[in-house]
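The values are calculated or read from the model by the stated rules, or taken from the named source; none is laboratory data. Here the structure is a predicted model, which is why all the values come from computation and not from measurement. Every residue, glycine among them, receives a Cβ derived from its backbone with ideal geometry; neighbour counts consider all protein chains shown. The protein model used for the area step is the full one, side chains on, heavy atoms only, and it has no ligands, DNA or RNA in it. Shrake-Rupley method; radii C 1.70, N 1.55, O 1.52, S 1.80 Å.
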Amino acid sequence: SPAVELPIKFIPKCAGRYCCQILLKSSCDVRVYMVECIVNTDRAEAELEFLSPAYQAVIQDIPISNTSHQDWKVEAVLEGQSFYGPPVLFVGPGETVQYPLMFKPVAEC
């Protein structure tokens, strides 16, 4: 049978998970299509500079804002020596949570 195009226009207002059901019916057939779209915000880049005497810690709070309607589980992967922070952070819808990034050098570097 020939294919028929079904154009869909999707304009999300913010990041989140969007689910949709499309029901197509004819006199001899019924089909249901499940469509799920996951929308991410643009990646933000930032640069932080830490200055601290050896063996003393400095902590920089980094705000993580969830503008979606879904709970976020943010996983942090820290690369580099002397940096510490929680591996997981939970941010509720509409909330801003501070991620405490710590720099604690054990020697001059």
* Sequence-distant aspartates and glutamates (8 or more away, or on other chains) whose Cα lies within less than 16 Å of K104 -> E49, D61, E79
* Mind checking the dipole of region 19-89: about its Cα centre, +1 per Lys or Arg Cβ, -1 per Asp or Glu Cβ, Debye to the nearest 20? -> 440 debye
* To do: Distance between Cα centroids, region 4-36 to region 70-102: provide it in whole Å.
  => 34 Å
* Structure fact -> Checked against the positive end of the charge dipole of the chain (+1 on Cβ of Lys and Arg, -1 on Cβ of Asp and Glu, about the Cα centre), the farthest of Q56, F103, T41 is T41
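Quick check: residue separation of Q81 and C19 times 0.36 nm, minus the Cα distance between them. What number comes out in nm?
18.2 nm
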* Asked: Under a 1.4 Å probe, what is the accessible area of the chain per residue, stated in Å²?
  -> 87 Å²
* Ordered by packing density, taken as the mean number of other Cβ atoms within 10 Å over each peptide's residues, highest first, how do 57-63, 73-79 rank? -> 57-63, 73-79
* To do: Can you tell me the relative contact order of the chain? Whole percent, Cα pairs under 8 Å, sequence separation 6 or more.
  => 24 percent
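For a protection proxy built on the mean count of beta-carbon atoms within 10 angstrom, sort 3-13, 80-90 highest first, please.
80-90, 3-13
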* Asked: By what distance, in whole Å, do the Cα atoms of region 58-103 stretch along each of the three principal axes, largest value first?
  -> 36, 17, 10
* Asked: In the chain, what percent of the accessible surface is made up of carbon and sulfur (1.4 Å probe, ligands and nucleic acids excluded)?
  -> 54 percent
* For the chain, state what percent of all Cα-Cα pairs lands in each successive 5 Å bin, counting from 0 Å until the bin that includes the largest distance. => 2, 8, 14, 15, 11, 10, 8, 7, 6, 5, 4, 3, 2, 1, 1, 0
